[in-house]
Structures are given as C-alpha cells and as structure tokens.
Amino acid sequence: MRTFTPLWPGQTSYRQSYPKFMVSFMKAMGGDAATVGNNCAYDCLPNLDVPAYDTLRMFELMDHGRVNLYFFQGFNQMLSTANRERITRSLSKLKMLGVMDPLSSEASHVWQNNGIHDDVDPSAIQTEVLELPTTCFAEEEGALVRSGHWLQWHWPGASPPGEAKHDTRIMAQIFLRMPDIMVRTGTKLVEVETKNRTHLRDLPGCAVGPDGPDPQGPPGRTTGSMAPRPSPATVPGGA
C-alpha cells in the first residue's frame with residue numbers, strides 16, 4: 001500500500017492519511033465482510049500484471065492487435081490525445097468498439113471520412129461500433145467527486161430521455177450477460193486473479209443487480225448520503 005515518507009522530521013501532509021483512507025474505502029466496499037482478520041478485503045482486489053492500464057497503454061495494445069474490444073464511457077479519445085492519427089489507426093484495428101455517451105462523438109464515428117480532419121477509407125475500417133446512449137449527471141443518483149477532495153451526493157433532477165440508460169445499468173447488463181454468452185459460444189472465461197480467490201463482487205456490499213450497484217450502497221456509505229430520498233414534488237421538474 002502507498003505510504004507517506006516525510007522529507008524532514010515532523011513534516012505533515014494530506015497524503016500521510018492514505019492508509020486510513022484506503023481502509024475506509026475497503027470497509028465501504030466490503031461492508032461487514034471487510035474485517036481486520038481478512039486485511040479489510042484488500043486482497044480481493046484484482047492484481048494487475050503491469051502498474052496501470054492507462055489510455056496510452058491501451059492504444060498501444062490496440063495498435064499491435066492485442067486488444068480487440070474496447071469501451072469508451074463518456075470519453076472522446078479522438079479529441080483528448082495529441083496524436084489523433086494514431087488514435088484513429090488504433091481504433092480502426094478493433095473488432096468492436098462500444099461508446100457510452102449522451103452525445104454522438106468523433107470516437108463513435110471513427111469509420112467516417114471527414115476530409116482533412118479524418119481522411120480515412122471507411123471500407124478499410126471493419127470495426128463494429130455500438131452507440132449506447134447514456135444519461136447525463138443531472139439524470140442520475142450518486143456522488144459527485146472532484147480532485148479537490150470534494151464529495152457531494154445528488155439525486156436525479158429529471159428522467160432520462162428516449163432510450164438512454166444509466167451507465168451503471170449498461171455495465172451491469174454486460175457484466176451479467178457476458179459469462180452466459182461466453183459459455184454458449186465456447187469461449188474460455190478467464191478470471192482476473194486475486195490473492196485469496198475471492199472477488200469484490202462476492203462481498204455483501206458489492207452485489208450487482210440488473211440495474212447495477214445500488215447507489216445507496218458503497219457510494220452512499222462513503223459520502224454519508226443516508227438521508228431519505230426527496231419526494232418528486234420537491235425535485236425541480238419532478239412529477
């Protein structure tokens with residue numbers, strides 16, 4: 001676990017409390033199943049074979065044909081990285097690309113020729129793109145988290161338009177359906193290895209239903225949002 005190393009005697013730092021933060025987080029995730037006896041369920045976290053799978057590493061793997069399926073979640077990498085030509089080339093090598101976003105974006109139209117901005121040959125790009133319309137933050141219940149150490153709970157202010165679904169529902173449906181699909185198609189299901197062979201999803205506080213994790217579960221416990229949900233009459237635009 002990451003620890004704070006003082007540079008001089010008596011030095012203070014916000015990060016010196018990182019171990020406490022981690023224990024609080026694991027207890028929020030694991031509920032009563034996270035105890036001192038099992039290291040607060042820390043060993044249930046999956047082990048990565050590299051320090052991190054950031055976006056640059058993922059696009060490197062795509063470019064070398066080692067990643068065939070990728071999901072964007074509210075993120076348009078086409079406009080977020082300097083080397084747009086390489087991003088386009090990497091996405092064009094995928095077999096399937098899922099884009100979860102309230103709006104259509106350049107990433108969801110990677111196959112489209114837009115002249116000097118995206119001078120590609122659509123017939124040479126065989127990537128199947130799935131556009132999955134999601135809700136925006138004002139239509140969701142959950143926690144707003146900022147890098148300035150700000151956690152604020154909010155309730156939905158409006159209903160999702162059209163066929164838009166919450167991100168958590170989309171991810172939950174993929175998570176719940178994929179094992180059955182892989183069994184039917186004879187695809188080997190490779191489990192991410194953990195030290196004690198137990199996964200966070202098996203802990204009482206991390207159950208995943210058809211609509212995704214309960215917002216009042218771990219997110220609610222970490223933000224202190226145990227107050228009753230407001231009635232629709234008190235919500236702007238509510239029925």
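Would you call Val120 hydrophobic (A, V, I, L, M, F, W, C), in the same structural domain as Leu69 (by TED's automatic domain parsing), closer than 21 Å to Phe75 by Cα and modelled with pLDDT of 80 or more? The answer is no for Val120.
Please pick out the residue among Glu128, Glu139 that is loosely packed, with under 15 Cβ neighbours inside 10 Å, charged (D, E, K, R) and at pLDDT 90 or above. Spell out how you get there, then give the answer.
Numbers: Glu139 fails: loosely packed, with under 15 Cβ neighbours inside 10 Å.
Sole residue among the options that is loosely packed, with under 15 Cβ neighbours inside 10 Å, charged (D, E, K, R) and at pLDDT 90 or above: Glu128.
Go through the range 94-107 and count every residue that is at pLDDT below 90 and buried (at least 19 other Cβ atoms within 10 Å of the Cβ). Residues flagged as at pLDDT below 90 and buried (at least 19 other Cβ atoms within 10 Å of the Cβ) within the range 94-107 amount to 1. Listed by first and then second residue, the pairs linking a residue in the range 162-183 that is at positive phi and of a type outside the set (A, V, I, L, M) to a residue that is buried (at least 16 other Cβ atoms within 10 Å of the Cβ) and at pLDDT 85 or above, with Cβ atoms under 7 Å apart and 6 or more places separating them unless they lie on different chains, are Gly162/Pro133.
Selection over the range 35-53 of residues that are closer than 12 Å to Val23 by Cα and in a loop (DSSP other than H, G, I, E, B) gives a count of 1. Of the numbered criteria (1) within 26 Å of Gly148 (Cβ to Cβ); (2) surrounded by 15 or more Cβ atoms within 10 Å (Cβ to Cβ); (3) of a type outside the set (Asp, Glu), the one Ala34 fails is (1). Put simply, of Ala107, Ala52, Ala41, Ala82 the only residue that is touching a residue at least 12 places away in the same chain (Cβ under 8 Å), of a type outside the set (Asp, Glu) and on the phi < 0 side of the Ramachandran plot is Ala107. Does Met26 count as in the same structural domain as Pro160 (by TED's automatic domain parsing), surrounded by 11 or more Cβ atoms within 10 Å (Cβ to Cβ) and out of contact with any Pro (no Cβ under 9 Å at 6 or more places or on another chain)? So Met26 passes the test. Which residue is nearest to Ala34 (Cα to Cα), if the candidates are limited to the range 172-192 and must be modelled with pLDDT under 70 and within 19 Å of the chain's Cα centre (by Cα)? For the range 172-192, the residue satisfying everything is Val192. Scanning the range 65-93 for residues that are small (Gly, Ala, Ser) and at pLDDT below 90 gives Gly74, Ser80, Ala82. Pairs are defined by a Cβ separation below 7 Å, a sequence spacing of at least 6 or placement on different chains, a first member in the range 131-154 that is closer than 16 Å to Asp214 by Cα and in contact (Cβ under 8 Å) with a residue 40 or more places away in the chain, and a second member that is of a type in the set (A, V, I, L, M) and surrounded by 15 or more Cβ atoms within 10 Å (Cβ to Cβ); the pairs so defined are Trp153/Ala143.
Of all the numbered requirements in (1) farther than 23 Å from Leu151 by Cα; (2) loosely packed, with under 13 Cβ neighbours inside 10 Å; (3) not charged (D, E, K, R), Ser13 misses one, and that requirement is (1). As an exercise: evaluate Thr168 against (1) of a type in the set (S, T, N, Q); (2) modelled with pLDDT under 90; (3) under 22 Å from the mean Cα position of the chain (by Cα); (4) not assigned by TED's automatic domain parsing to the domain that holds Pro210 and give the number of the one condition it does not meet. That leaves (4) as the condition not met.
The values are calculated or read from the model by the stated rules, or taken from the named source; none is laboratory data. Since we're looking at a predicted model, the values are computed, not measured. As a convention, Cβ positions derive from the backbone with ideal geometry for all residues, glycine included, and neighbour counts pool all protein chains shown.
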